[in-house]
Amino acid sequence: MSRYRLIPTAEQAVVLAEHCRHARYVWNLAVEQQQHWQPGRRAPDYNEQCAQLTAARAEHDWLAAGSQTVQQQALRDFAQAMRNFFARTHRRPTWRKAGVHEGFRQVGVKPHHVERVNRRFGQVWVPKVGWVRFRLSRPVPEGVKSYRVTRDRAGRWHIAFAHAPDPVAGPGDDSVVGIDRGVAVSAALSTGELLHAPGLSRGEAKRVRVLQRCLARAKRGSKRRARTKCAIAKLKARETDRRKDWVEQNTTDIARRFDTIRIEALDVRAMTRSARGTVERHGVGVAQKRGLNRAIRESGWGLLARRLQHKACGRVEQVPAAYTSQRCSECGHVAPGNRESQAVFECKACTAGPCNADVNAARNIAAGRAVTARGDLGASRSVNREPQLCPPAA
């Protein structure tokens, strides 16, 4: 996807928001039909839903005033989401919420629907809206046939043209690098490099805390609460943009420098689940787990691995993460005492000097080393074996 900043006028922004509401309304209706599905009954397919949409547009003037292509595309997207769910590649599609899921997709884009105005701006044709300008931060890919218009919580409009870029070519020298992902150090390379994901500055973080306290005191539905939420969203969007830019730059650099890239096989979604528990059985250490989840998300673990798989397609291998932080990369000795602290690793069995713990783990990952232990790691009955590498991610 090639993403650009959209710059609509005030009148165009109103129509774009209507398109978002109509697409979300149609999507939620399709979700409701699927949730009421029962064994022995067949949920309506795409053709039946299109017929229902035609009847609804004839009955409701506010729905008929919108773009039919935008509304039908929402049904196409939902049908594709259900196919992905039954193929077990994605989760089940759920409700879309106002203020969170603001966007719509347009297909059938012709070459003359996207034009270059000058060196800084381009324009795109949107149904019921007309020509809308966007910031031409880079050339638009040729042959695009669809785009998606979205609005984030900070009120910024974006347009993303569907385009699959070519993978980044490697150096061809059979070089291998291991990447260990952490919280204190976002990513440590086996070469000794330590990468830290950028975030908000100290002043910006303080401003977020002040605004959050103001938000807690604001009355629901008031203009003051809306302004405060928008101010918080702008700061959070700034943090997200910095993290995404950091990931894009570093993943491109890594894909160009190394032929084989090995990372830990981590289930980030499971690792960042809440520990609140249930009403009958409350969780333990909820606040601490919430802080850990926030730190993991701020480090960009999932985005880093995903973008590496996109750019270095077929050259990314996943290594089991078991005990990679407790194994000496020099002699292979495994013991919990090897890692004296979060940052210092010193093997108790060899004369290798102390080194950074994350770099040591990255070297084990680069070598494809992991450990399966039976019983106590320090006991003599521990068994070390070389694991089979997971197949490269598609």
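The values are calculated or read from the model by the stated rules, or taken from the named source; none is laboratory data. Quantities reported herein were computed from a predicted structural model and do not represent experimental measurements. Neighbour counts are summed over all protein chains in view; Cβ atoms, including those assigned to glycine, are modelled from backbone coordinates with ideal geometry.
Quick notes
- Scanning the range 286-301 for residues that are without any contact (Cβ under 8 Å) to a residue 60 or more places away in the chain and under 22 Å from residue 179 (Cβ atoms) gives 293, 294, 297.
- Residue count for the range 323-346 under the criterion of being surrounded by fewer than 17 Cβ atoms within 10 Å (Cβ to Cβ), over 18 Å from residue 186 (Cα atoms) and either outside the structural domain of residue 181 (by TED's automatic domain parsing) or touching a residue at least 40 places away in the same chain (Cβ under 8 Å) (or both): the result is 3.
- Unique match (being touching a Ser or Thr at 6+ places or on another chain (Cβ under 6 Å) and either over 26 Å from residue 258 (Cα atoms) or at pLDDT 90 or above (or both)) among 177, 117: 177
- Matching residues, the range 267-296, being among the small types (Gly, Ala, Ser) and in a loop (DSSP other than H, G, I, E, B): 274, 275, 283, 285
- Options 269, 262: the member that is of a type outside the set (S, T, N, Q) and at pLDDT 90 or above: 262
- Number of residues in the range 1-39 that are surrounded by fewer than 16 Cβ atoms within 10 Å (Cβ to Cβ), closer than 16 Å to residue 66 by Cβ and hydrophobic (A, V, I, L, M, F, W, C) equals 2.
- Taking the range 129-157 as the range and being part of a loop (DSSP other than H, G, I, E, B) and closer than 27 Å to residue 233 by Cβ as the test, the residues that pass are 129, 136, 137, 138, 152, 153, 154, 155, 156.
- Residues satisfying the stated conditions in the range 188-236, i.e. of a type in the set (Gly, Ala, Ser), within 30 Å of residue 266 (Cα to Cα) and touching a helix residue (DSSP H, G or I) at 6+ places or on another chain (Cβ under 6 Å): 188, 190, 192, 197, 199
- Residue within the range 220-231 that is surrounded by 16 or more Cβ atoms within 10 Å (Cβ to Cβ) and without any contact (Cβ under 8 Å) to a residue 12 or more places away in the chain present: yes
- Within the range 239-266, considering residues that are assigned to a helix (DSSP H, G or I) and among the acidic types (Asp, Glu), the one surrounded by the fewest Cβ atoms within 10 Å (Cβ to Cβ): 245
- Restricting the range 116-147 to residues that are in contact (Cβ under 8 Å) with a residue 60 or more places away in the chain and of a type in the set (Lys, Arg), the residue that is nearest to residue 248 (Cα to Cα): 138
- Screening the candidates 208, 185, 177 for the property of being among the β-branched types (Val, Ile, Thr), closer than 18 Å to residue 291 by Cα and in the same structural domain as residue 358 (by TED's automatic domain parsing) yields one hit, 185.
- Residue list for the range 269-285, filter: among the β-branched types (Val, Ile, Thr) and within 17 Å of residue 183 (Cα to Cα): 272
- Selection count where residues are more than 20 Å from the chain's Cα centre (by Cα) and either surrounded by 15 or more Cβ atoms within 10 Å (Cβ to Cβ) or aliphatic (A, V, I, L, M) (or both), scope the range 132-167: 6
- Here residue 307 meets the list (1) at pLDDT 85 or above; (2) farther than 14 Å from residue 263 by Cβ almost entirely, failing just condition (2).
- Residue 322 under 33 Å from the mean Cα position of the chain (by Cα) and either in a loop (DSSP other than H, G, I, E, B) or modelled with pLDDT of 85 or more (or both): yes
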